1. Which condition does ALA39 not pass, out of (1) modelled with pLDDT of 90 or more; (2) part of a loop (DSSP other than H, G, I, E, B), if it passes all the others?
2. Just to check your reading of the model, which residue among LEU82, LEU59 is modelled with pLDDT of 90 or more and assigned to a helix (DSSP H, G or I)?
3. Looking at the range 24-46, I want the residues that are on the phi < 0 side of the Ramachandran plot and without any contact (Cβ under 8 Å) to a residue 40 or more places away in the chain and have a partner that is surrounded by 10 or more Cβ atoms within 10 Å (Cβ to Cβ) and of a type in the set (Phe, Trp, Tyr) with Cβ atoms under 6 Å, at least 6 apart or on another chain. Which pairs are those?
Amino acid sequence: MKIFKSVSFIIIFIFISLMFFENDIFFLKSLNLKLNLRAWKYQFPTLKLITLLFLFFSLGYFLSYYLNIKKNFRMKKEIKLLKKDLSIFDSKAIPKEIDTINKENEPDQITEESVTNKEEIKEN
């Protein structure tokens with residue numbers, strides 16, 4: 001999985017680099033953005049398009065991280081509980097339990113005493 005992530009990251013990085021270097025005039029174009037509301041008007045400073053793209057991608061990254069942080073903490077807590085449950089079953093306890101189960105399920109060995117005891121019980 002680590003190799004797949006590394007390879008996919010490299011491919012995405014190469015693709016983004018190619019897009020930037022092939023279209024550098026477009027990405028380095030300066031933009032004047034204006035915000036016109038009825039009661040308030042604001043003109044942003046001149047920004048390059050690549051700066052805006054970086055700002056919005058980083059905003060999306062941090063927003064998705066913030067929305068998933070509660071789930072991540074819950075999953076970490078659940079993993080700790082499951083690891084604690086697994087630590088109860090150490091490697092020596094499981095074979096002992098299997099041996100006791102096998103002994104309980106084995107048929108009794110027939111001995112002369114058991115046969116005579118059963119015959120005596122039937123006669124009474």
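1. For ALA39, the exception is condition (1).
2. LEU59
3. Pairs that qualify, where the first residue is on the phi < 0 side of the Ramachandran plot and without any contact (Cβ under 8 Å) to a residue 40 or more places away in the chain and the partner is surrounded by 10 or more Cβ atoms within 10 Å (Cβ to Cβ) and of a type in the set (Phe, Trp, Tyr), are PHE27/PHE20; LEU33/PHE44.
The values are calculated or read from the model by the stated rules, or taken from the named source; none is laboratory data. Values in this document were obtained by computation on a predicted structure and should not be read as measured data. Note that we place each Cβ from the backbone using ideal geometry, even for glycine, and neighbour counts take in every protein chain shown.
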